[in-house]
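The values are calculated or read from the model by the stated rules, or taken from the named source; none is laboratory data. As the structure is a computational prediction, the values presented were derived from the model and not from experiment. Note: ideal-geometry Cβ built from the backbone for every residue, glycine included; neighbour counts use all protein chains shown. Note: areas computed on protein heavy atoms with side chains; ligands, DNA, RNA excluded. Shrake-Rupley method; radii C 1.70, N 1.55, O 1.52, S 1.80 Å.
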Amino acid sequence: MGGIGKTTLARKAFNDPYTVYHFYCRAWITVSQVYQARDLLLALWSSIAQSTDKMVEKSNAQLAEIVYRRLKGKRYVIVMDDMWSIDAWNDVKRCFPDDENGSRIVVTSRFKELATNVSPKKPPHCMNLLNIEQSWELLEKLIFGTASCPHELVGVGKQIAKRCRGLPLAIVVIAGVLSRDIGAYNCWNEIAEEVSSVVSTDPENCLDILALSYNCLPHHLKACFLYMGIFPEDCEIEVSKLINLWAAEGFLYLNSEKQLEQIGEDYLEDLIGRNLVLVEKKRFVGEVKTCRLHDFLRELCLKEAQKENFMHVIQRRSAKGVQAGTRNQRRLSFHLDPYSHATTAPAIPHVSSFVCFTLGTDIVPDILFFQLGFKLLRVLDVFFLHFDYFPVQILKLIHLRYLALYVTYELPASVSQLRNLQTLVIHGPWLCQESGGRPTLLLEYWSMPSLRHVHVTVACHLKNPFTVQDNLPRPFASEHLQTLYTIQFSSCTKEVFSVMPHLKKLGICETREDYSTDSFSQVLNNLVYLQELETLECSFHTQKREVRRILGLALLPVTLRHLSLSWSYLPWKYMTSIAMLPNLEVLQLKNYAFQGPKWGPTEEGFRSLKHLLIENMDLIHWEATIFRHFRCLQHLVLKSCKLLEKFPFGVENLQRLEVHYCSEPIENSAKEIQEEIEGIDVIIRSDRKLLIFIPLFVSVTRTPHKISALCIKGKL
């Protein structure tokens, strides 16, 4: 991000007395977006030697050789500031001899990918935004120097610092305004209310610098970046949703090598690498799960979007406010609160996205009267709005590609008429009258040629595509369906799976309707029809059975890369079938997925496993060696393993170890690894105070003979 302090930090290190003393030669060159290789070579020479007119006459090759000879054998430090292209590095890198004498080269850039190319073996130092305390410290120092801020201005000053959102450049700009009226409380209070607009409307100092990164984006990334402005301020954006929205809008350019979802991930990584998008959370496997925009970058988004009639954000307005400024807009985003007045959505034929968010409560009842006069609508996300019945106007939106609804009614089968629909998201406690109240998705998914993702928050029953009573011919296959969450065990049939041959992600859940029969083996038998399945999330009914589902594990698809099991109560000996899956990279075992005090993995298994989660198990003895039984394992997470006595041998060789609320021996071992072993990232979360009391209660009710030992250990 421009203005975050990269150059400031580099210059501080460059001018540090120890740096000056340690390095024989020091050179600082500014590359910039537009550069000439010759200018860089001349700048290098002038930094390490006295420049003459003869140097200007030499060719680039001669200049490079002279600089190389000058640096040869010397310990030097070179700073290349504000690099925008890897070409700049390639043009001068031959000038830098590597004599293994401690010489250093520092590069500052806005692009993480560029930094990785420059130094592939060393991760870049990514700058962070300032926290509130650091922001106030900087603001106070800029205005008052070594003196302290007057007491009456401290409160409002901290408010101003907080609203600068941690961007050092913004703080510097505001400090320049405040320093003109150091002792005027009223002035400071007014600035506290207007600080965001002051920063965003001063092109000389802030937004123009931030906009520089935006202006250099390729056309396809500009549209993706601007679209992120539809989300509310400080919103944590779900990456999968964002990519599906991009796809629905047609921002992702499909090629023959990658799927739409992969292209969207590449686009997002590019924006993150340019520091235009911030990573908020990562998945278990390290992929970005949620992201967000910095407030000032969102302001930049909205400003550019308004300039181009790209979209219009409507904040808590009445019908009159909605109509204003929307006539020429292509996308509408409503940001509503539970106290909003009744609002009418204007009928604008060329709108392609209509998205609603609520600020405060989850669902806003009856605040928006739906006209839906949007003939070209591609995206309709009204998850935060409550309707008592299905809005039939939706069926007229023949271009619709993304639909998200909060449903408390029966979803009609006529939704299948939306032939261009790519993503369907259904929330809410909906029921179906045809199946006696059981949630049943009447959608004829096999006849929707564009459908890619179906997300249902309540485990539902799918309509059988081969209904005997209908006496219909074999239906079309849903060739593009990639994701299906969440369906009941009873829907995991040959007929259902055979019409979705390219399904990659599946979530299944055992319900009370499935509980009457031992259906897990049948589910596994039918998974053979999903020959491209990569992710399977399987949750059972929480009630423990005496006879568990132990048959058919060997039938799990060999294509699986991610497997999650919960409440299955399988004996550890049946782990062998899972361990033999050749492509399995992620295994998540939750809530007694396996049970028993002892687990001894087979040496032949887990050939590709990289990430392992064990949560809420009764495991005591884990008899394994990392480099023998988990040769590729990088990341181990243990959660609520209260009885586990020790780690597998060699756990200190992992890249990342997480221990959350586990037994005292496990936590102590993790602390020793954290203190003594370098190169491993260790995270420990403990509730040790609670552990004194909870096992004591268990001991009294179940095993009284352990109570004395526990009292001594807990020092009660």
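Here are the numbers for this structure:
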item	result
Residue list for the range 7-23, filter: part of a helix (DSSP H, G or I) and aromatic (Phe, Trp, Tyr)	14, 18, 21
Count of residues meeting criterion [farther than 11 Å from residue 239 by Cβ and in a helix (DSSP H, G or I)] in the range 252-266	4
Scan of the range 78-132 for residues that are basic (Lys, Arg) and over 20 Å from residue 278 (Cα atoms), ordered by number	93, 94, 104, 121, 122
Qualifying residue in the range 46-62 (condition: hydroxyl-bearing (Ser, Thr, Tyr) and touching a residue at least 40 places away in the same chain (Cβ under 8 Å))	no
Hey, residue 225 modelled with pLDDT of 90 or more, among the aromatic types (Phe, Trp, Tyr), more than 26 Å from residue 454 (Cβ to Cβ) and surrounded by 15 or more Cβ atoms within 10 Å (Cβ to Cβ) or not	yes
Top-ranked residue in the range 255-287 [being out of contact with any Asp or Glu (no Cβ under 9 Å at 6 or more places or on another chain) and among the charged types (D, E, K, R); ranked as modelled with the lowest pLDDT]	257
Residues (at pLDDT 85 or above, touching a strand residue (DSSP E or B) at 6+ places or on another chain (Cβ under 9 Å) and among the aliphatic types (A, V, I, L, M)) located in the range 1-24	9, 10, 13
Among residues of the range 30-57, those that are at pLDDT 80 or above, of a type in the set (Gly, Ala, Ser), more than 18 Å from residue 108 (Cβ to Cβ) and open to solvent by less than 40 Å² (accessible area, probe 1.4 Å), counted	1
Close pairs from the range 624-637: first closer than 9 Å to residue 612 by Cα, partner open to solvent by 60 Å² or more (accessible area, probe 1.4 Å), Cβ under 8 Å, at least 6 apart	633/610; 634/610; 634/655; 634/656; 635/610; 635/655; 635/656; 636/656
Residues of the range 540-555 that turn out to be surrounded by fewer than 20 Cβ atoms within 10 Å (Cβ to Cβ) and modelled with pLDDT of 70 or more, as a count	2
Residue satisfying condition, being part of a loop (DSSP other than H, G, I, E, B), closer than 30 Å to residue 443 by Cβ, modelled with pLDDT of 90 or more and open to solvent by 50 Å² or more (accessible area, probe 1.4 Å), within set 537, 532, 513	532
Of the criteria (1) under 20 Å from residue 523 (Cα atoms); (2) in contact with a Phe, Trp or Tyr (Cβ under 6 Å, 6 or more places away or on another chain); (3) at pLDDT 90 or above, which one residue 611 fails	(1)
Residue match in the range 589-605 (condition: outside any loop (DSSP other than H, G, I, E, B), open to solvent by 10 Å² or more (accessible area, probe 1.4 Å), of a type outside the set (Val, Ile, Thr) and more than 24 Å from residue 683 (Cβ to Cβ))	yes
All positions within the range 403-450 that are open to solvent by less than 30 Å² (accessible area, probe 1.4 Å), in a strand (DSSP E or B) and at pLDDT 85 or above	403, 404, 405, 423, 424, 425, 426
Hits in the range 58-85 (condition: open to solvent by less than 70 Å² (accessible area, probe 1.4 Å) and closer than 14 Å to residue 105 by Cβ)	67, 71, 74, 76, 77, 78, 79, 80, 81, 83
Options 78, 66: the member that is of a type in the set (A, V, I, L, M, F, W, C), free of Cβ contacts under 8 Å to residues at least 40 places away in the same chain and out of contact with any Cys (no Cβ under 7 Å at 6 or more places or on another chain)	66
Yes/no for residue 27 being in a helix (DSSP H, G or I) and either in contact with a Cys (Cβ under 6 Å, 6 or more places away or on another chain) or at pLDDT 80 or above (or both)	no
Residues located in the range 102-137, provided they are part of a loop (DSSP other than H, G, I, E, B), farther than 13 Å from residue 4 by Cβ and either in contact with a strand residue (DSSP E or B) (Cβ under 9 Å, 6 or more places away or on another chain) or open to solvent by less than 50 Å² (accessible area, probe 1.4 Å) (or both)	102, 103, 111, 119, 124
Looking only at the range 253-305, and only at residues there that are free of Cβ contacts under 8 Å to residues at least 24 places away in the same chain and more than 14 Å from the chain's Cα centre (by Cα), the one that is surrounded by the most Cβ atoms within 10 Å (Cβ to Cβ)	263
Checklist (1) open to solvent by 20 Å² or more (accessible area, probe 1.4 Å); (2) assigned to a helix (DSSP H, G or I); (3) more than 14 Å from residue 423 (Cβ to Cβ); (4) in contact (Cβ under 8 Å) with a residue 12 or more places away in the chain applied to residue 233, failing item	(2)
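This table checks each residue for (1) within 13 Å of residue 37 (Cα to Cα); (2) assigned to a helix (DSSP H, G or I).
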{"site": "66", "(1), (2)": "no, yes"}
{"site": "78", "(1), (2)": "no, no"}
{"site": "88", "(1), (2)": "yes, yes"}
{"site": "93", "(1), (2)": "yes, yes"}
